[in-house]
1. How large is ³J(HN,Hα) for each residue in the stretch 134-148, as worked out from phi by the Karplus curve 6.51 cos²θ - 1.76 cosθ + 1.60 (θ = phi - 60°), to whole Hz, x for Gly and Pro?
2. For Met31, what accessible surface area do you get with a 1.4 Å probe? Give it in Å², rounded to 10.
3. Hey, what's the Kirkwood Rh for the stretch 91-163 if you take every pair of different alpha carbons, in angstrom?
4. For the stretch 89-174, which whole percent of the accessible surface, found with a 1.4 angstrom probe, sits on carbon and sulfur atoms?
5. Could you count how many Lys pairs in the chain have their Cα atoms under 18 Å apart, skipping same-chain pairs fewer than 8 positions apart?
6. Among Phe133, Phe125, Phe102, whose mean-square fluctuation peaks in a Gaussian network model of the chain (Cα, cutoff 10 Å)?
7. Counting only heavy atoms of the protein chains, get the accessible area per residue of the chain (1.4 Å probe) and round it to a whole Å² value.
8. Determine, from the Cβ-Cβ distance of His81 and Thr165 and an R0 of 22 Å, the FRET efficiency 1/(1 + (r/R0)^6), rounded to the nearest 0.05.
Amino acid sequence: MKKLSLIFVGLLLACCHSFGQTNHFVRLKAMVGDWSGTGSGFGNNKSQIESSCQLVMGGQYLEIKNESRFDPTERNPEGEHHIDRGFISYDKSRDVIVYRQFNNEGYVNQYVLNDSLSNDSLLVFDTEVIENFVPGGKARWTVKILSDNQIETSFEVSFPKKDYTCFGVNKLTKKK
């Protein structure tokens with residue numbers, strides 16, 4: 001009877017371990033750190049960017065903070081200040097990585113990592129829900145890992161029945 005109990009407990013522990021949280025963020029580890037750089041597009045020619053991606057709450061989430069300051073233009077002589085904050089989590093029930101992003105412009109994007117387009121040096125996040133945007137519109141956020149200390153991000157938007165259009169590209173270098 002003791003042997004049977006030990007076998008049962010061992011199987012139970014093995015099953016619980018396999019269903020427990022594993023590090024699903026390994027694919028995203030190149031994003032972790034503090035970053036700065038420049039951007040182009042987004043309706044302006046240039047921007048300065050400060051960005052941070054950190055594991056928080058015991059490694060359960062990746063917190064992303066971005067601030068972009070856009071140079072003044074003729075159309076916008078004051079320049080522009082974009083802020084977004086978000087969290088990346090792992091949805092166990094769907095076995096997907098989800099990124100929820102909140103913007104100071106009032107948009108809320110919920111992206112899912114697109115495994116079919118992503119690989120070791122390219123992470124593609126496609127929206128599954130956007131609040132306060134054109135009904136039927138979509139967005140895509142892509143992270144290209146150029147080296148251990150350089151990444152490039154791009155933001156694309158698709159309006160209903162239209163292809164994606166690149167709105168802007170950011171080139172970031174990891175701070176030391």
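1. 4, x, x, x, 9, 9, 9, 10, 10, 10, 9, 8, 8, 6, 4
2. The value for Met31 is about 10 Å².
3. 13.2
4. The nonpolar share, carbon plus sulfur, comes to 50 percent.
5. Lysine pairs meeting both conditions in the chain amount to 17.
6. Phe133
7. Working: 11080 Å² over 176 residues.
I get 63 Å² per residue for this part.
8. Numbers: r = 23 Å, r/R0 = 1.06.
Working from the Cβ atoms, E equals 0.40.
The values are calculated or read from the model by the stated rules, or taken from the named source; none is laboratory data. Values in this document were obtained by computation on a predicted structure and should not be read as measured data. Here the Cβ is made from the backbone with ideal geometry for all residues, glycine too, and neighbour counts use every protein chain on show. Surface accessibility is based on the protein's heavy atoms, side chains included, excluding ligands, DNA and RNA. Shrake-Rupley method; radii C 1.70, N 1.55, O 1.52, S 1.80 Å.
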